[in-house]
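For reference, the structure discussed in these notes is given below.
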Amino acid sequence: WSYKLKTSGLRTQVVIDINEMVIIVSKSELCGESNDGSMFLNMKLYNKIYKHDCIAFDGGYTLFINQFIELC
């Protein structure tokens, strides 16, 4: 159930580069079974980036940044 959409739904995350090219797409999950941060960590992006890459997040990920850094 999506409280934002007020109906059932799927959550999918997309990582794009500075040129708006799609780099990675997550597996879709039911809205009630996941959140932004856990989906982000499950994408294992830390295996796909390099030391000098820059990542920008919106407010939904602030609680997961330290976990992400530790996994890197």
Exercise for review: Would you please name the residue that is most open to solvent (accessible area, probe 1.4 Å), looking only at residues in the stretch 15-30 that are outside any strand (DSSP E or B) and in contact (Cβ under 8 Å) with a residue 12 or more places away in the chain?
Suggested key: Lys27
Practice item. State whether the residues of the stretch 3-14 include one that is open to solvent by 90 Å² or more (accessible area, probe 1.4 Å) and modelled with pLDDT of 90 or more. Key: no
Exercise for review: Take the residues in the stretch 31-72 that are basic (Lys, Arg) and at pLDDT 85 or above, then tell me which one is nearest to Tyr3 (Cα to Cα).
Suggested key: Lys44
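Considering Lys4, Lys51, which residue is in contact with a helix residue (DSSP H, G or I) (Cβ under 9 Å, 6 or more places away or on another chain), of a type in the set (Lys, Arg) and assigned to a loop (DSSP other than H, G, I, E, B)? Talk me through it step by step, then tell me what you get.
Working: Lys51 fails: in contact with a helix residue (DSSP H, G or I) (Cβ under 9 Å, 6 or more places away or on another chain).
Of Lys4, Lys51, the one residue that is in contact with a helix residue (DSSP H, G or I) (Cβ under 9 Å, 6 or more places away or on another chain), of a type in the set (Lys, Arg) and assigned to a loop (DSSP other than H, G, I, E, B) is Lys4.
Would you mind stating whether Asp36 is open to solvent by 70 Å² or more (accessible area, probe 1.4 Å) and among the acidic types (Asp, Glu)? So that I can check it myself, show each step before the final result.
Values: open to solvent by 70 Å² or more (accessible area, probe 1.4 Å): no; among the acidic types (Asp, Glu): yes.
When the stated conditions are applied, Asp36 does not pass them.
The values are calculated or read from the model by the stated rules, or taken from the named source; none is laboratory data. Model, not experiment: these values are computed from the prediction. No Cβ is skipped: glycine too gets one built from the backbone with ideal geometry, and neighbour counts run over all protein chains shown. Please note that ligands, DNA and RNA were not included when accessible areas were found on the heavy atoms of the full protein model with its side chains. Shrake-Rupley method; radii C 1.70, N 1.55, O 1.52, S 1.80 Å.
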